[in-house]
Amino acid sequence: MSRIDATARIEDGAVIGEGVTIGPYCIIGPNVTIGADCKLLSHVNVSGHTTVGAGAQVYPFASLGTAPQSTGYRGEPTRLDIGEGCIIRESVTMNTGTVGGGGVTKVGNNGYFMAYSHVGHDCIVGDSVIFANSATLGGHCEVGDFVFFGGLSAAHQFVRIGAQAMIGGVSGLRQDVIPYGFVTGQFAHLEGLNIVGMRRRGFTATRLRTVRRFYEKLFHGDGQFASRLEELRPLAGEDPAIAEILSFIDGNEKRALCMATPRAGRTGSAEADA
């Protein structure tokens, strides 16, 4: 049985699942579906054509499903789909899509979105991501599974971030980030591999050494990057992570690839304990 506070406003047409708790002063629009066992603490706004998956927890002043922040939007019935088990903290914002961007903003399962983080229109966000406070995605970004965004980081529109990448705090992304990459900086550059995240996902020491050798040759080898890329393609069979990185690079369409800066006798901080 759902529990709805007397001060909440649920408009006709909204679908509220079993076991949902809707706290004081929440506002739920007519085209919203709230999945089973969700908990909206208080002062939550869910509008537009929005679906919130089962088991989500939404904290005060979050705003989900409002119109895209796009000058081309003309009120079309675009969507926001949020997966199951997400934790959405205070003042998080997520917008619906645009017709030109495919019409849907999609957030995967089990994401953790800390206070004031933002998912822009037409973004596709994977499962089990973590957005620290005020992490921001511009429109049309693609984010893989298990990506970590540091606080106050921001991604330009159309940027892709591969699975298990880590974005350092206060970083500005203008270019695509390879899977398993670690990037940081005001104009972010590739520091190394997200070794900590890879270990958490079960990479053995042997796999880490294999992928790291590939990374070193690709981003710090001799000659031009394009030549190194072609030379290293046969290594795709050595580890699935290498194949994933190569496939990600080949899929580049909108943005250049985030590259490593030349080394001055030391490795990037993300690899120091590898």
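A short reminder: the numbers here are calculations on the coordinates, not readings from a lab. Please read all numbers here as calculations on a predicted model, not as lab measurements. Using ideal geometry, Cβ is built from the backbone for each residue, glycine included, and neighbour counts are taken over all protein chains shown.
Side notes on the structure shown:
- Based on DSSP H segments of at least four residues, each scored -39500 (n - 2.57), the chain has a per-residue ellipticity at 222 nm of -4500 deg cm²/dmol.
- Whether segment 32-180 is rounded, prolate or oblate, judged on the alpha carbon gyration tensor where a/c under 1.5 counts as rounded: oblate
- Rounded is the label for segment 122-274, because a/c, from the alpha-carbon gyration tensor with a ≥ b ≥ c as root eigenvalues, stays below 1.5.
- Taking 20 Å as the cut-off, the amide N atoms of segment 186-206 that come nearer than this to a point 7 Å along the Cα-to-beta-carbon line of residue 170 belong to 186-192.
- Pairwise centroid distance, computed over Cα atoms, of segment 6-55 with segment 64-78, Å: 20 Å
- 14 Å beta-carbon shell around residue 116, net charge (K/R +1, D/E -1): 0
- Nonlocal amide H pairs with residue 8, under 5 Å, H built at 1.01 Å: 25, 26
- Cα shape, segment 98-163, gyration tensor, a/c 1.5 rule: prolate
- Entry note, the chain: relative contact order of 9 percent, from Cα contacts under 8 Å with a spacing of 6+ residues.
- Solution diffusion estimate, µm²/s, Stokes-Einstein, the chain, Kirkwood Rh from C-alpha pairs, 20 °C, viscosity 1.002 mPa s: 110 µm²/s
- Spatially proximal lysines relative to residue 39 (Cα-Cα < 30 Å; intrachain offsets below 8 disregarded): 106
- Counted by Cβ distance under 12 Å from residue 159, the other residues give a net charge of +1, where Lys and Arg count +1 and Asp and Glu count -1.
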